[in-house]
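Encoded as structure tokens, the structure appears first; notes follow it.
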Amino acid sequence: MSTDNRTHFNIADTINFNSAIDHIIELLNNSFVLLQNNSYGSSAFFAITALEETAKTHFSMYMAHDLSMKKNKDILMNHAKKHSLAISPVFKIGDRLSNALGIEKVDELVLRVNQKNGLMDLRNNAIYWYTDTDGTHFPKDYFDKNMSIELLLFSIESFDDSLVGYTNYSITASHMTDDLFKLAEQQYAKK
């Protein structure tokens, strides 16, 4: 069996799938709460983590469960791979995200996902501080309210495109993320 089609992760039944839905919605809600508390880096980190967990949930349903494979061979253990897997081919077909952010911003975010270290750099800068030749940098140096909202809306859209519809529960749960999308969108200052 090819290592490309195996993973440590396993969504074997509806109960596990629905639990994954709850987990992702909790991450999205946490992102929104942190946004409300002006903790923009942490908000962005939770939004990006929700994006990763969306991809992991979606693809683990179609991959063979194999705990014997080396972890470094499992694409669902690679943050950057999960970022690109989270963007489905239908991602830009709907207009909800482009209406909220503008098509240019959506294109910019999709491009960032596909760039080497695009979201990885954001993910790391969202939670860690570091020092380089230009000085010491903190999450607050990289993130503002709009950027955190953009990542949250982007992640909600990925969740909706990738996971909603597999179970009745996912459809019902998506009403919560739709409401969250609207609340975050109302706070976005279009440029």
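The values are calculated or read from the model by the stated rules, or taken from the named source; none is laboratory data. Here the structure is a predicted model, which is why all the values come from computation and not from measurement. A quick note on method: Cβ atoms are made from the backbone with ideal geometry, for glycine too, and the neighbour counts reach across all protein chains shown. Heavy atoms of the whole protein, side chains included, go into the accessibility calculation; ligands, DNA and RNA do not. Shrake-Rupley method; radii C 1.70, N 1.55, O 1.52, S 1.80 Å.
For region 117-191, lysine pairs with C-alpha atoms less than 17 angstrom apart, excluding pairs fewer than eight positions apart on the same chain, total 4. Using the Cβ-Cβ distance between Lys70 and Gln186 with R0 set to 45 Å, the FRET efficiency works out to roughly 0.45. At a Cα cut-off below 18 Å, give the lysines reachable from Lys71, other chains included and same-chain residues fewer than 8 away excluded. Partners within reach: Lys56, Lys81, Lys82.
Working ranking of peptides 130-139, 168-177 by packing, defined as the average number of other Cβ atoms within 10 Å per residue, highest first, is 168-177, 130-139. Region 98-144 and region 26-87 have Cα centres spaced 16 Å apart. Annotation: amide H-H contacts under 5 Å for Asn117 (H modelled 1.01 Å from N, sequence separation of 5 or more, or interchain): none.
Helices meeting the span-like rule in the chain (full DSSP H runs, Cα extent of at least 20 Å along the helix axis, mean Kyte-Doolittle score of 0.5 or higher): 14-36. Sorted largest first by accessible area at a 1.4 angstrom probe radius, with every protein chain in place, the residues Phe32, Phe17 fall in the order Phe32, Phe17.
Sorted by accessible area (1.4 Å probe), largest first, how do Lys105, Lys116, Lys81 line up?
On the way: Lys105 45, Lys116 180, Lys81 100 Å².
Largest accessible area first, the list is Lys116, Lys81, Lys105.
Full extension of the chain between Met61 and Asn124 yields a length gain of 19.9 nm, computed as 0.36 nm times the residue separation minus the alpha carbon distance.
Quick check: with the 1.4 Å probe, what order do Asp13, Asp66 take by accessible area, largest first?
Working: Asp13 70, Asp66 25 Å².
Putting Asp13, Asp66 in descending order of accessible area: Asp13, Asp66.
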